[in-house]
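First the structure, in the form of structure tokens, and then the observations on it.
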Amino acid sequence: MMLKHTRAFLLLLWFASVANAQTLDKNKHYYIAAVGFWNVENLYDTVNDPRKNDDAFTPQGINAWTGERYRTKIEHLAEVISQMATDATPDGLAVLGMCEVENKKVVQDLVKSPRLAKRNYQIVHIEGPDARGIDPSFIYNPNYFKVTNAVSYRVQMADSNYKTRDILVVSGLFTGEPLTVLVNHWSSRRGGELASRDSRNRAARVARHIADSVAVANPESKIIIMGDFNDDPIDESVKKIIGTYANIQQAKANNHNYFNPMENLYKDGTGTIAYRDSWNLFDQILLNKNLVPQRNEFDTWNYHTVRVFNKDFLRNDFGNYKGYPFSTYGGGIYNGGYSDHFPVYIIIAKEKSR
């Protein structure tokens, strides 16, 4: 396994001041890895698929989605992914969940792009029922992760005619340790937060049921529930239905619930998406007890810290949306940006045995 451990990267992490970080011993050496999530905002190809409502993202469509714009989008996404977590490990992201992805072909174009090709990312993508044809997707570095199973689960809505995104579930071995990742994209707040709440609560119940089943089948499995929840860390779907704690010690004491490293970031005013001068932190990564052990030890992979990747080049630098994520489209106008969401990632560590 080509795992990375250097004192330089360790010291960088050691001095990082991030809420709810698990402390690393500066006298020890660690393997470092990163796990991320990003809503990549409408990653469509330019071809009209008659099975999907993708007409807007064609050269003749309202968004004038040309080959040039598509190539720019791929290059921009690759630029960001290639930089994420490289301050912690030269390998960057070991795994990345994404959403708003049309099909496997666009992910293939992404991972084969010049900035990412050398990482040899592999792909898990399963087509779902969403009317717009956008699905969760997953890429991984095979030096870290070996997939043993992948499946998608339907989320049934109260209105049977409303088709939302599946939950993508990828299981495997992360350098020999069992890991299951659930990649989510829950229903939007269109029509209002309250009116649409039931749809997200339904998705949360399905996600929690899947995670519980994984835990019963293998109590040693590390479980990550990630995604664009279209809810904040304090909302009912996340806080009550998934069952999350902002405090590591509380999460450790409640074995069947989840640690949410994003909650304190949210309370401190950090967000991943902005709307009408208000920030939300919809993009989250939740961890089960096996990623936050009872003792602050790193004999297996353990959570260290969390980041929102919100570098200046990912922010709008002009107009009414200054400081917002630099999106591909805004108000029906092509901006040529990256995404309307900032990506997020966690850093995990494992002590190097001597």
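Listed values, structure above:
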| read-out | value |
| --- | --- |
| Over 20 Å (Cα to Cα) - which of 240/289; 240/267; 146/311; 252/311 fall in this group | 146/311; 252/311 |
| Share antiparallel - DSSP beta bridges, the chain, percent rounded to 5 | 75 |
| Candidates 129, 343, 233, ranked by Gaussian network fluctuation over the chain, Cα under 10 Å, top entry | 129 |
| Distance between the stretch 306-354 and the stretch 184-259 - C-alpha centres, whole angstrom | 23 |
| Separation in nanometres of the label points that stand 7 Å from Cα toward Cβ, at residue 53 and residue 75 | 3.2 |
| The chain: most fluctuating residue of 113, 171, 278 per GNM, C-alpha cutoff 10 Å | 278 |
| Hits among aspartates and glutamates - C-alpha to C-alpha of residue 322 under 18 Å, sequence gap 8 or more where chains match | 277, 312, 340 |
| Candidate aspartates and glutamates - alpha carbon under 16 Å from residue 28, same-chain residues fewer than 8 apart omitted | 297, 299, 351 |
| Inter-label distance, nm, simple model (7 Å from Cα along the C-beta direction), residue 254/residue 159 | 3.3 |
| Longest to shortest principal axis, alpha-carbon extents of the stretch 7-351, angstrom | 59, 44, 40 |
| Extended-chain gain in nm, criterion 0.36 nm per residue less alpha-carbon gap, residue 190 and residue 127 | 20.4 nm |
| Under 12 Å from residue 222, Cα to Cα: aspartates and glutamates that are on another chain or at least 8 residues apart | 177, 212 |
| Where GluC sites (Glu not before Pro) in DSSP loops with at most 13 other Cβ within 10 Å are excluded, longest remaining stretch of the chain | 1-219 |
| Given 14 as the ceiling on other Cβ atoms within 10 Å, longest exposed-site-free region of the chain for chymotrypsin sites (Phe, Trp or Tyr not before Pro) in DSSP loops | 1-161 |
| Full-extension gain in nm, residue 220 to residue 28, via 0.36 nm per residue minus C-alpha separation | 66.6 nm |
| Residue 317/residue 108 FRET efficiency (R0 51 Å; Cβ-Cβ; nearest 0.05) | 0.95 |
| Dipole magnitude (debye, nearest 20) for the chain, charges at Cβ of Lys, Arg, Asp, Glu | 780 |
| Residue among 211, 56, 246 with the largest mean-square fluctuation in a Gaussian network model of the chain, springs linking Cα atoms under 10 Å | 56 |
| Segment residue 236-residue 64, length gained on full extension (0.36 nm per residue, minus Cα span) | 58.1 nm |
| Semi-axis lengths, Å, the stretch 147-280, gyration tensor of Cα atoms, sqrt of 5 times eigenvalues | 25, 20, 13 |
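Coordinate-derived values only; no laboratory data. No experiment lies behind these values; they were computed from the predicted model shown. Because the Cβ atoms are built from the backbone with ideal geometry, glycine has one as well, and the counts that use them run over all protein chains shown.
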